[in-house]
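The values are calculated or read from the model by the stated rules, or taken from the named source; none is laboratory data. Predicted, not measured: the structure shown is a model, and the values here were computed from it. Note that each Cβ is placed from the backbone with ideal geometry, even for glycine, and that neighbours are counted across all protein chains shown.
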Amino acid sequence: MTPAQLLARIKKQGAPPAILLLGPEAYERRRLREAMAATVPPEALTDHDLADLSLAEVLDDARALSLFASERLIWVANAEAAMPRGKSTDDDAEGEGGTSGDTALLKAYVKDPTPGVVLVIEAIRFDFEGDDKRKQERVLKFFGAVPDVVELKRYSVQDARTEAESLARKASLRVEPGTLDLLVEALGADVARISVEIEKLSLFAGNRAIGMDDITALVPEARTSTIFTLVNALGRRDRARALEALDTLTKEGVYLPLALAFLSTQFRMALAARDAGLKSVSQIQAHFGRIGIQMWGSRAEQVQQTATKFSKPQLERAISLIYRADKGLRDARPEDRVVMERFILELVG
């Protein structure tokens with residue numbers, strides 16, 4: 001079940017008696033909590049932490065009838081802490097406490113839940129991919145008695161950009177073109193953090209539009225905006241602006257191999273666009289979208305600009321220069337600024 005499906009179900013028929021929230025997406029988790037908390041009085045909301053209590057104790061509380069509210073919401077954090085330590089013959093689930101008897105207690109409770117009580121269990125430690133995937137499968141098996149599982153998957157970059165637009169509209173925040181792209185990229189498409197920064201920006205801006213300089217000033221991670229300036233300048237073959245951006249990066253102490261990583265991506269995409277004969281921004285977006293790389297308009301425009309300004313041999317040479325500069329930055333005692341200046345002059349000199 002997705003968060004949107006659970007919200008629709010709550011609106012139509014109320015929340016199910018037991019819910020497992022699975023996954024690390026904090027923004028959707030917060031929205032679900034706010035929606036469910038709004039259905040009960042404040043005194044009917046109880047928070048438990050399985051790092052402090054056993055699952056059996058939490059279920060005992062769920063069984064208890066309240067003298068003050070006919071409906072209750074019990075929110076349970078750190079679900080992973082209820083799982084048995086080490087490996088067992090049935091399951092090698094990882095955790096920090098608990099017994100296998102907890103699963104039987106949970107199964108019995110779900111089969112006959114307390115009327116008016118909604119039990120929400122958070123299992124947010126592990127992601128759906130990589131090394132976390134197996135661990136998350138163990139969590140899901142341990143809490144398998146809970147029939148309603150909501151997957152809190154991280155937003156894709158494009159979905160995060162769409163949600164950022166929605167949040168900006170709700171906050172009556174006017175944003176200059178390209179600025180939301182910077183905010184989303186600077187915060188790694190983390191919508192929970194994006195929502196906080198948009199709230200801060202709306203308080204800061206008043207009635208004026210927010211621009212790049214505001215993002216750089218108010219969002220700590222947006223120092224990387226100067227990296228994008230450098231990437232764009234080199235994509236336009238603007239040597240003076242590129243050297244100016246390098247000066248700013250050096251003064252801010254930004255990790256320069258990160259700038260080269262962005263440049264490598266830009267020039268490789270530009271080379272791919274040239275090889276595919278892509279001419280317009282829409283063609284570039286569609287082409288990369290088909291191979292699973294979501295790209296908003298401003299990034300596609302940068303790729304198009306780079307593909308136009310550099311010939312195919314020049315793009316191939318640029319990738320070679322990036323490799324050489326990255327190797328130079330990783331030498332025993334590199335002079336980072338000198339390495340980068342030499343790279344810029346060789347590229348667009």
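For segment 107-121, name all the residues that are hydrophobic (A, V, I, L, M, F, W, C), in a helix (DSSP H, G or I) and touching a residue at least 60 places away in the same chain (Cβ under 8 Å).
Residues of segment 107-121 hydrophobic (A, V, I, L, M, F, W, C): 108, 110, 117-121.
From what is left, the residues that are in a helix (DSSP H, G or I) are 108, 110.
Result: Val110, single match.
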Filter segment 280-292 down to the residues that are surrounded by fewer than 18 Cβ atoms within 10 Å (Cβ to Cβ) and either in a helix (DSSP H, G or I) or in contact (Cβ under 8 Å) with a residue 12 or more places away in the chain (or both), then identify the one that is nearest to the chain's Cα centre (by Cα).
Gly289
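Looking only at segment 300-316, decide whether some residue is touching a His at 6+ places or on another chain (Cβ under 7 Å) and not in a helix (DSSP H, G or I). Explain how you work it out, then say what you get.
So in segment 300-316, the residues touching a His at 6+ places or on another chain (Cβ under 7 Å) come out as none.
No, because not a single residue in segment 300-316 is touching a His at 6+ places or on another chain (Cβ under 7 Å) and not in a helix (DSSP H, G or I).
Every residue in segment 129-174 that is over 30 Å from Ala82 (Cα atoms), basic (Lys, Arg) and free of Cβ contacts under 8 Å to residues at least 12 places away in the same chain, please.
Just the residues of segment 129-174 that are over 30 Å from Ala82 (Cα atoms), to begin with: 156-174.
Then drop every residue that is not basic (Lys, Arg), which leaves 161, 169-170, 174.
Within segment 129-174, Arg169, Lys170 qualify.
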Near pairs, Cβ below 9 angstrom, 6+ apart or cross-chain, from segment 246-258 (charged (D, E, K, R)) to any residue that is surrounded by 12 or more Cβ atoms within 10 Å (Cβ to Cβ) and at pLDDT 70 or above:
Asp247/Arg337
Assess whether Phe228 counts as being part of a helix (DSSP H, G or I), within 29 Å of Arg29 (Cβ to Cβ) and either modelled with pLDDT under 85 or of a type in the set (Ser, Thr, Tyr) (or both).
no
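Could you name every one of the helices (runs of 4 or more DSSP H) located completely within segment 1-73 that has at least 2 residues being modelled with pLDDT of 90 or more and of a type in the set (Asp, Glu)?
The qualifying helices (runs of 4 or more DSSP H) are 26-37, 55-63.
For segment 122-160, give me each residue that is in a loop (DSSP other than H, G, I, E, B) and polar (S, T, N, Q).
Here is the first cut: in segment 122-160, the residues in a loop (DSSP other than H, G, I, E, B) are 124-131, 143-147, 152-156.
The one that is in a loop (DSSP other than H, G, I, E, B) and polar (S, T, N, Q): Ser156.
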Can Leu271 be described as touching a Leu at 6+ places or on another chain (Cβ under 7 Å) and modelled with pLDDT of 80 or more?
yes
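Could we say that Glu316 is within 23 Å of Thr179 (Cβ to Cβ) and either of a type in the set (D, E, K, R) or under 29 Å from the mean Cα position of the chain (by Cα) (or both) here? Write out each step before concluding.
Numbers: within 23 Å of Thr179 (Cβ to Cβ): no; either of a type in the set (D, E, K, R) or under 29 Å from the mean Cα position of the chain (by Cα) (or both): yes.
Here the answer is no, as Glu316 does not meet what is asked.
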Of all residues in segment 324-336, how many are surrounded by 11 or more Cβ atoms within 10 Å (Cβ to Cβ) and either touching a residue at least 24 places away in the same chain (Cβ under 8 Å) or part of a loop (DSSP other than H, G, I, E, B) (or both)?
6
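Filter segment 52-74 down to the residues that are of a type in the set (Asp, Glu) and under 30 Å from Glu137 (Cβ atoms), then identify the one that is surrounded by the fewest Cβ atoms within 10 Å (Cβ to Cβ).
So in segment 52-74, the residues of a type in the set (Asp, Glu) come out as 52, 57, 60-61, 71.
Now narrow it down to the ones that are under 30 Å from Glu137 (Cβ atoms): 52, 57, 60-61.
Numbers: Asp52: 10, Glu57: 12, Asp60: 13, Asp61: 17.
Ranking the qualifying residues of segment 52-74, first place goes to Asp52.
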Quickly run through segment 34-51 and pick out the residues that are under 27 Å from the mean Cα position of the chain (by Cα) and crowded, with 17+ Cβ neighbours inside 10 Å.
Met36, His48, Leu50
